[in-house]
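**Student:** Just passing along the structure, written as structure tokens.
The values are calculated or read from the model by the stated rules, or taken from the named source; none is laboratory data. Everything numeric here is computed off the predicted structure, so don't read it as measured data. As a convention, Cβ positions derive from the backbone with ideal geometry for all residues, glycine included, and neighbour counts pool all protein chains shown.
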Amino acid sequence: MRFRGLVLIAALALLAVGIGQLRGASVEALPEFSPAYVEVQTEALGLSAYEVEQLITVPLEVNLLNGVAWLDEIRSNSVAGLSSVEMIFEPGTDLLQARQMVQERLGQAGILPNVSKPPTMLQPLSSANRVAIVGLSAEALSLIEMSVLARWNIKPRLMGVPGVANVAIWGQRERQLQVQVDPDRLAKHGVSLNQVISTTGNALWSSPLSFVKASTPGSGGFIDTPQQRLGIQHISPIKTAQDLAKIPVEPGDDDDGKPVTGITLGDVGTVVEDHQPLIGDSLAGDGQSLMLVVEKFPGADTLQVTRGVEEALAALRPGLSGMELDSGIYRPATFVESARANLALSLSAGLALLVLIVGAALLSWRAALVTLVTVPVSLAAALLVLQWRGEPLNTVMLAGLVIALAVVVHDAVADVHHVGQRRDGQSVLDAVHEQRSPLLYATLVAAAAAVPALLVPGLAGRFLGPLVLSYLIAVAASLLAALTVTPALACLLFRRTAEPREGRAHRAYRRVLGWSVPRPGVAYALGGVILILGLAVSALAVVPRIGGALLPAFQDRDLLIGWQAPPGTSQPAMVKTGEQVRSELKAIPGVRGVAAHVGRAVASDQVVGINSGMLWVGLTPEAPYEATLAAIGDVVRRHPGFDRQVRTYHDESIGGVLTPAGGDVVVRVYGQDLTQLAAQAEKVRTAIAGVAGVRDPRVELQPKEPAVEVEVNVATAQQKGLKPGDVRRAAATWMQGIEVGSLFENQKVFEVVVVGAPATRQNLDSIGQIKVDTPDGEQVRLSEVAEVRVQPNQNVFKHEGTARYYDVVAELSGGDREAVIDGVGAAVRGISFPMEYHAEVLDRGDQGEADWMAVLGPALAALVAIVLLLQAALSSWRLAALIVLSLPVALSGTAVVALLGDGALSVSVLAAMLAVLALAVRIALLMFASFRRLTSENGGTTTVEQIVRGAGQSLVPVITTAIAVAVAVLPLLLLGGVPGHEVARPLVIGVLGGLVTTVVWGLAVLPALYLSLAPRKAEADPDADLRELVGAGV
């Protein structure tokens, strides 16, 4: 090589740049696995779930958002006070373009009834969106004062941190000036509720109410003097509740236009500083608290965002005296930092052990030096390519590099061994070039085998894709290093031909081959036994449980416990239960802190009622993980409503992408009327109960909670001069309040609300006693013109495709799953549904499992491509078929390991099989090339002696690769399931299982099979031109 010095300098520079980039690289726990989606939330505080659905969700879905360009699915949740419409777009859709399409539709949101805040399109969020949870607590400040600081000081500063998408505040008490009207005092002074509303609104600078004068506040203007222009600014005298209480009440419609002397807002009600009804609350610290949940954009670096948030909080602390800020409730950056450190330690120690083993196995410091350079260069090149794609690294990508280690190591070992054992008179370049053609074809075969894995749809594909892509990039980088760096180093280090050395193991292997190769039946029997065992394991344990856990559980020390109380549970009851469980969890050794949030927050990632909550439990670094986890589980199992499974947030994030319907079989029944929908779902349940293989069919109805219903008696109301709308508006003001204006103070905006006194909204009787003003100036009780009753109402309305639905779910009792699904489909098609009702059998892919049948076509195409590539490499259909048909023997070790693990054909097993397949094809092609070269040198006839000799040349590289890979990953195995190893560890175990069977297959089965199927006369070397081309390029 004329430019070998230049090549080595470039390789070392690449290695240095790779190491430098890796030290500052962004590393995440998981890739972005959520589909392209946009969520629109509409806050409607005080509306029931049914009213939210009818007044907000249906108009939004049907009239505005359905049919947006590239829309794949539209679904919604309507809960009390909130409408959430989620749009999932077709794969490959640009998220920014999708958001633009949605925003254009939201520009027409004026068609919605004026019962809510404007619809808001939430910021795009990362799949694992929560990047920090910060607890705020103080003894000297009220929760309203803390909320003001959080809303107007802390949140804006955190929102300015690069990468932060949203900050949701749990337990927020918005400061309000409330005129709490007393009905008795109104009657005493002869003042109507509308007078109070009009007076309060007109006392302020501006009002959202179009029927008051303050709706058009006007501007101050300016005056011009001969020398200067003077702007006119009005200063509001109303700053406190006391100021507002002094405002005189305006005259009513029947008065003479003059205020009633001496009657002020303070006379007809109590003007106080208070807050809105709570939709959620926070339990953190030792007293009253708030909780800030910081969320990040897709692709944002967790470590950088966390540092930015912590720096912002540190800068704010001097101005927040008396307030405690706890940023350690949930800090995923701690897990990422631990994962980076553990992976760096494992890889560094593994590389050192790898070099020592290669040098010892090949008895050459030169071989160790070549390995020391080529393996890191290949991995560094792969890392740089992954970084240049613009995506942060993650543990799934790094796991792909780890499993590629088997191929990278084999390339380096095979090259240096072949160069070291080259024939007398043969140059280093000639020896290296003999390896290039088989390695090139083997790389193409590996790529062809991996293409179907890149096309796996659904959630499994979003994890498998990055893993396989990083693996392929590493394999390609290894080939590039073999074409450039290895020859350059070989020319410098292997100038002399080494004396062939044959050890005791080598001689024993040749004796065994000398006996077994002439007897191909032995090879067939050995391969058959291995294959049958592997297939038996797969049939008994793996295949029935296809689609197990996508990823193993992460060893994160921030844990999450879901919490669901009975529907209708109040906020005080939720807080009481939460505090009780918190105190019990805090007493567990190894628990450093416990916090909780209940309900939801404005613009948060939770669309739930007040009866839902989450407990966040932090463990100390030294706490025994499994034992502490078990102790936590024992505590929560004593309390009803808490999840029995303690999970990490990463597990929760993956589960949040899945369709919530459970069961092996899911039939979704769509319709409109809930009673009719339940009846049709029951028909479906009855129909599928008779299908063979279906067990425990049931209808999953939405839970109900007690609610107060007010139904106006139109005839009675008409006698009083009232219309139904008059009654609703009056009752809404008394119960929920009406925003009449705002106070603008010190760069902050606070609402001013007119609402009934607390005594008017305590119980059912007090609601019935609400006074409604009539047109003739009289007042009637609400119970006189309407029926007030408590009824069970559905607390959430779920839509898919703009229609309500109920799910009928069932388990499988055995048999062919596809046959059972076909039977269920036939049973459903035999049901006659009323108009506007229908049912669909959902695929398991809709519930997050990979639709493996969807890649059947690409898999068959890949198989054809592999056969064609092998035929091109070997110029023999028989030899190509030999490799393809016997490959399951090599792969069976990975299937056996799957049984010893979780017994599921999951992402890790398939990825490990790809790595084993690539290594097996490399071994086969290099061995067959050696056979053909020896045959050509010895008159063109294939003999047992040549097969034994050729296989003997492959013994050292194959055994060395297996031992070197096993030793290289030893630190990863010995450290156990520490952070960072969760994804790579099961992959590595699968690869090691495959290595065992691959070594047996390559060294014991292939030589005998080759002799029985190879042509007896050597053919022209089909790769001569290719080697010449590759050599010229080098």
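**Student:** Looking only at region 691-708, which residues are surrounded by 14 or more Cβ atoms within 10 Å (Cβ to Cβ) and among the small types (Gly, Ala, Ser)?
**Tutor:** Residues satisfying the conditions are 693, 707.
**Student:** Residue 215 - would you say it is exposed (fewer than 15 other Cβ atoms within 10 Å of the Cβ), under 18 Å from residue 742 (Cα atoms), among the small types (Gly, Ala, Ser) and touching a Leu at 6+ places or on another chain (Cβ under 8 Å)?
**Tutor:** Yes: the conditions hold for residue 215.
**Student:** Consider residue 53 carefully, then state whether it is farther than 21 Å from residue 601 by Cβ, at pLDDT 95 or above and out of contact with any helix residue (DSSP H, G or I) (no Cβ under 9 Å at 6 or more places or on another chain). Explain how you work it out, then say what you get.
**Tutor:** Values: farther than 21 Å from residue 601 by Cβ: yes; at pLDDT 95 or above: yes; out of contact with any helix residue (DSSP H, G or I) (no Cβ under 9 Å at 6 or more places or on another chain): yes.
Yes: the conditions hold for residue 53.
**Student:** Residue by residue through region 357-393, note down the ones that are under 20 Å from residue 474 (Cβ atoms), polar (S, T, N, Q) and surrounded by fewer than 21 Cβ atoms within 10 Å (Cβ to Cβ).
**Tutor:** 387
**Student:** Is it fair to say residue 823 is in a loop (DSSP other than H, G, I, E, B), under 25 Å from residue 458 (Cβ atoms) and not hydrophobic (A, V, I, L, M, F, W, C)?
**Tutor:** Spelling it out, it is not the case that residue 823 is in a loop (DSSP other than H, G, I, E, B), under 25 Å from residue 458 (Cβ atoms) and not hydrophobic (A, V, I, L, M, F, W, C).
**Student:** Take residue 725 and decide whether it is closer than 30 Å to residue 777 by Cβ and without any contact (Cβ under 8 Å) to a residue 12 or more places away in the chain.
**Tutor:** Here the answer is yes, as residue 725 does meet what is asked.
**Student:** Continuing with this model, one more query. Under 8 Å between Cβ atoms, at least 6 apart or on separate chains: pull out the pairs that start in region 100-117 with a residue that is without any contact (Cβ under 8 Å) to a residue 24 or more places away in the chain and end on any residue that is surrounded by 15 or more Cβ atoms within 10 Å (Cβ to Cβ).
**Tutor:** 103/121
**Student:** Shifting gears a bit: Got at least one residue in region 341-352 being small (Gly, Ala, Ser) and in a strand (DSSP E or B)? Walk me through it before giving the result.
**Tutor:** Residues of region 341-352 that are small (Gly, Ala, Ser), as a first pass: 341, 344, 346, 348-350, 352.
Adding the requirement that they be in a strand (DSSP E or B) leaves none.
Within region 341-352, none of the residues are small (Gly, Ala, Ser) and in a strand (DSSP E or B).
**Student:** From the set of residues in region 642-670 that are in a strand (DSSP E or B) and within 19 Å of residue 825 (Cβ to Cβ), which is modelled with the lowest pLDDT?
**Tutor:** 665
**Student:** Give the residue that is farthest from residue 35 (Cα to Cα), with candidates limited to residues of region 275-290 that are surrounded by 19 or more Cβ atoms within 10 Å (Cβ to Cβ) and of a type outside the set (A, V, I, L, M).
**Tutor:** So the residue we want is 288.
**Student:** OK, next. Return the only residue of 92, 107, 160 being on the phi > 0 side of the Ramachandran plot and among the small types (Gly, Ala, Ser).
**Tutor:** 92
**Student:** Let me ask you something else. Can you tell me which residue is farthest from residue 51 (Cα to Cα) among those in region 730-758 that are surrounded by fewer than 16 Cβ atoms within 10 Å (Cβ to Cβ) and without any contact (Cβ under 8 Å) to a residue 60 or more places away in the chain?
**Tutor:** Checked region 730-758; the qualifying residue farthest from residue 51 (Cα to Cα) is 746.
**Student:** Among the listed residues 783, 766, which satisfies the condition of being more than 16 Å from residue 712 (Cβ to Cβ), of a type in the set (Ser, Thr, Tyr) and surrounded by 13 or more Cβ atoms within 10 Å (Cβ to Cβ)?
**Tutor:** None of the other options fit; the residue is 766.
**Student:** Moving on. Would you pick out the residues in region 40-51 that are in a helix (DSSP H, G or I) and surrounded by 20 or more Cβ atoms within 10 Å (Cβ to Cβ)?
**Tutor:** Step one: filter region 40-51 for residues in a helix (DSSP H, G or I), giving 49-51.
Within region 40-51, 49 is the sole residue that qualifies.
**Student:** So which of 310, 391 is of a type outside the set (Gly, Ala, Ser) and not assigned by TED's automatic domain parsing to the domain that holds residue 966?
**Tutor:** None of the others qualify; the one that does is 310.
Matching residues to (1) part of a loop (DSSP other than H, G, I, E, B); (2) more than 24 Å from the chain's Cα centre (by Cα):
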{"site": "6", "(1), (2)": "no, yes"}
{"site": "11", "(1), (2)": "no, yes"}
{"site": "15", "(1), (2)": "no, yes"}
{"site": "25", "(1), (2)": "yes, no"}
{"site": "30", "(1), (2)": "yes, no"}
{"site": "33", "(1), (2)": "yes, no"}
{"site": "38", "(1), (2)": "no, no"}
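**Student:** Further question: So, in region 915-946, of the ones that are at pLDDT below 85 and of a type in the set (Val, Ile, Thr), which residue ends up farthest from the chain's Cα centre (by Cα)?
**Tutor:** Selected residue: 941.
**Student:** If you don't mind, there's one more thing I want to ask. So residue 448 ticks every box in (1) modelled with pLDDT of 85 or more; (2) closer than 23 Å to residue 395 by Cβ but one. Which box is left unticked?
**Tutor:** Tallying (1) modelled with pLDDT of 85 or more; (2) closer than 23 Å to residue 395 by Cβ, residue 448 fails exactly one: (2).
**Student:** Is it the case that residue 397 is aliphatic (A, V, I, L, M), outside the structural domain of residue 489 (by TED's automatic domain parsing) and more than 16 Å from residue 478 (Cβ to Cβ)?
**Tutor:** Numbers: aliphatic (A, V, I, L, M): yes; outside the structural domain of residue 489 (by TED's automatic domain parsing): no; more than 16 Å from residue 478 (Cβ to Cβ): yes.
It is false that residue 397 is aliphatic (A, V, I, L, M), outside the structural domain of residue 489 (by TED's automatic domain parsing) and more than 16 Å from residue 478 (Cβ to Cβ).
**Student:** Now for a different question. Quick one: residue 714 ticks every box in (1) in the same structural domain as residue 201 (by TED's automatic domain parsing); (2) at positive phi bar one, so which box is it?
**Tutor:** Just one mismatch for residue 714, condition (2).
**Student:** Moving on to the next point. Looking only at residues that are of a type in the set (A, V, I, L, M, F, W, C) and in a strand (DSSP E or B) in region 52-109, which one is nearest to the chain's Cα centre (by Cα)? I'd like the intermediate steps shown before the answer.
**Tutor:** Initial filter on region 52-109 (of a type in the set (A, V, I, L, M, F, W, C)): 52, 55-56, 58, 60, 62, 64-65, 68-71, 74, 79-80, 82, 85, 87-89, 95-96, 98, 101-102, 106, 109.
Remaining after also requiring in a strand (DSSP E or B): 71, 74, 79, 82, 85, 87-89.
Numbers: 71: 20, 74: 19, 79: 24, 82: 24, 85: 19, 87: 17, 88: 14, 89: 16 Å.
Within region 52-109, the match that is nearest to the chain's Cα centre (by Cα) is 88.
**Student:** Is there any pair linking a residue in region 610-623 that is assigned by TED's automatic domain parsing to the domain that holds residue 293 and of a type in the set (Val, Ile, Thr) to one that is surrounded by fewer than 22 Cβ atoms within 10 Å (Cβ to Cβ) and assigned to a loop (DSSP other than H, G, I, E, B), with Cβ under 6 Å and at least six apart or on different chains, and which?
**Tutor:** 620/590
**Student:** What's the total number of residues in region 177-190 that are part of a strand (DSSP E or B) and either surrounded by fewer than 22 Cβ atoms within 10 Å (Cβ to Cβ) or among the acidic types (Asp, Glu) (or both)?
**Tutor:** Total satisfying the criteria: 1.
**Student:** Something else about it: If I filter region 709-729 down to residues being small (Gly, Ala, Ser) and loosely packed, with under 14 Cβ neighbours inside 10 Å, which single residue comes out as farthest from residue 192 (Cα to Cα)?
**Tutor:** Here the answer is 715.
**Student:** Which of the following residues is modelled with pLDDT of 95 or more, among the small types (Gly, Ala, Ser) and assigned to a loop (DSSP other than H, G, I, E, B): 601, 623?
**Tutor:** Working: 623 fails: modelled with pLDDT of 95 or more.
When all the criteria are applied, what remains is 601.
**Student:** Looking at residue 950, is it surrounded by fewer than 21 Cβ atoms within 10 Å (Cβ to Cβ), assigned by TED's automatic domain parsing to the domain that holds residue 516 and either of a type in the set (Gly, Ala, Ser) or in a helix (DSSP H, G or I) (or both)? If you could, list the steps in order and put the result at the bottom.
**Tutor:** On the way: surrounded by fewer than 21 Cβ atoms within 10 Å (Cβ to Cβ): no; assigned by TED's automatic domain parsing to the domain that holds residue 516: yes; either of a type in the set (Gly, Ala, Ser) or in a helix (DSSP H, G or I) (or both): yes.
No; evaluated as a whole, the condition is false for this residue.
**Student:** Is it the case that region 291-302 has a residue that's among the polar types (S, T, N, Q), assigned to a strand (DSSP E or B) and crowded, with 16+ Cβ neighbours inside 10 Å? Can you show your working first?
**Tutor:** So in region 291-302, the residues among the polar types (S, T, N, Q) come out as 302.
Next, only the ones that are assigned to a strand (DSSP E or B) stay: none.
No, every residue in region 291-302 fails to be among the polar types (S, T, N, Q), assigned to a strand (DSSP E or B) and crowded, with 16+ Cβ neighbours inside 10 Å.
**Student:** Another question, then. Mind checking which residues of region 350-374 are under 26 Å from residue 975 (Cβ atoms) and in contact with a Gly (Cβ under 6 Å, 6 or more places away or on another chain)?
**Tutor:** The answer is 368, and nothing else.
**Student:** Count, please, the residues in region 684-725 that happen to be of a type outside the set (Asp, Glu), in contact with a Ser or Thr (Cβ under 9 Å, 6 or more places away or on another chain) and closer than 30 Å to residue 829 by Cβ.
**Tutor:** 5
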